[in-house]
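Only the coordinates and a few stated rules stand behind these numbers; no lab work does. Keep in mind that what you see is a predicted model, and the values were worked out from it rather than measured. Glycine gets a Cβ as well: all are built from the backbone with ideal geometry, and neighbour counts include every protein chain shown.
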Amino acid sequence: MPAGPDRRNPNLSTRQLRAFLALAEQRSFTRAATACHLSQPAFSALIRTLETELGTRLFDRDTRSVQLTPEGRLFEPSARQLIGDVGAALSDLGDHVEGRKGRVHVAALPSLAAGWLPAIFAEFMKSSPGIALNLSDLLSDPCIALVRSGKADFALASTGAGHAGLSFELLCTDRFYLVCRKDHPLAGEKTLTLKKLVPYPFIHMSRNSSVRQALDAALHPLQTQTLLEVDQLATVTGMVEAGLGISIVPALTLFHFERKNLVTRPLAIASLTRRIYVVRRAQESLSVAAQALHDLIVLRMRG
């Protein structure tokens, strides 16, 4: 014998539920069919299949009236709740698809998070006020770890190789600058080379920073006189301003060094660059909100 309907997991449709509620309100097959924009035979078929799926009669009908059975009265509030839940889910999904709601988590190098991301975030929030933004300002490896774990939608980082399962889109190439006091001998030097810089004490970023890694690669095999290694660019600024040493930093960090007694000078050294990537999980789509922010960042950074 063919299997009957599964009473524990009935196969219900929203069309059936709406037909049921229309009949419960109208108490007339003719009026309910009209309200649902269906022919009466098609409407009656929806009610029959619903009752079959549920395994019980929902309406008592005769030639003069249609009334809910006790089971129909029991089912009515649940049917309304189901339709309401579907409507709320579709509305919420529509808000996300249309960019009216959502949440985006970006991980970014501190220099980017403090330098040019604030203006982009402000622009994005003005056009999409319903989107909640989260920002993690971390070094490259922790940024990438947040993307890999799914906690961040994408990252702005400087490591671009050796990470399976992730995609790396080149955003920009960052040049480097010398930072020193105005009274330092290098401030007036006509031509700057790495060999001219290495005799002076250096205030370095920590070895796990992308700034330091790019600098060490360009300097090799030259050795610098490291006076201090610090974690924050603000600390580098203070130490250089105090005359303790010089530093070499990327162009995207120069806003930290806008002090009246400091000088920043570009270094025309081809090997001394830092690449900034947009990092995301490979083969995974971004949400509508995350894609919109991603596109704005790429547009503003490359524009």
Which order do the peptides 269-277, 63-71 come out in when sorted by mean C-beta neighbours inside 10 angstrom, highest first? 269-277, 63-71
If you filter region 221-295 for GluC sites (Glu not before Pro), then keep DSSP loop positions with at most 15 other Cβ within 10 Å, what is left? 258, 284
Taking the Cα centroid of region 225-253 and of region 271-303, what is the distance between the two, rounded to the nearest whole Å? 29
Just want the ordering: 239, 125, from fewest to most Cβ atoms lying within 10 Å of their own Cβ. 125, 239
Would you kindly derive the ³J(HN,Hα) couplings of region 27-39 from the backbone phi angles with the Karplus curve 6.51 cos²θ - 1.76 cosθ + 1.60 (θ = phi - 60°), listing them in order in whole Hz, with x for Gly and Pro? 6, 7, 4, 5, 5, 5, 4, 5, 4, 8, 6, 10, 6
Choice from 221, 201, 118 with maximal GNM fluctuation in the chain (Cα, 10 Å cutoff): 221
Over the chain, calculate the relative contact order: mean separation of alpha carbon pairs under 8 Å at least 6 apart, over the residue count, as a percent. 20
Relative to the Cα centre, what is the charge dipole magnitude of region 14-97, using +1 at the beta carbon of each Lys and Arg, -1 at the beta carbon of each Asp and Glu, and rounding to the nearest 20 debye? 400
Estimated dipole of region 14-155 in Debye, rounded to 20 [Cβ of Lys and Arg +1, of Asp and Glu -1, Cα centre]: 480
Under unit Cβ charges (Lys, Arg +1; Asp, Glu -1), what dipole magnitude, rounded to 20 debye, does the chain have relative to its Cα centre? 380
How many Lys pairs in the chain lie less than 19 angstrom apart by Cα atoms, where the lysines are 8 or more positions apart or on different chains? 5
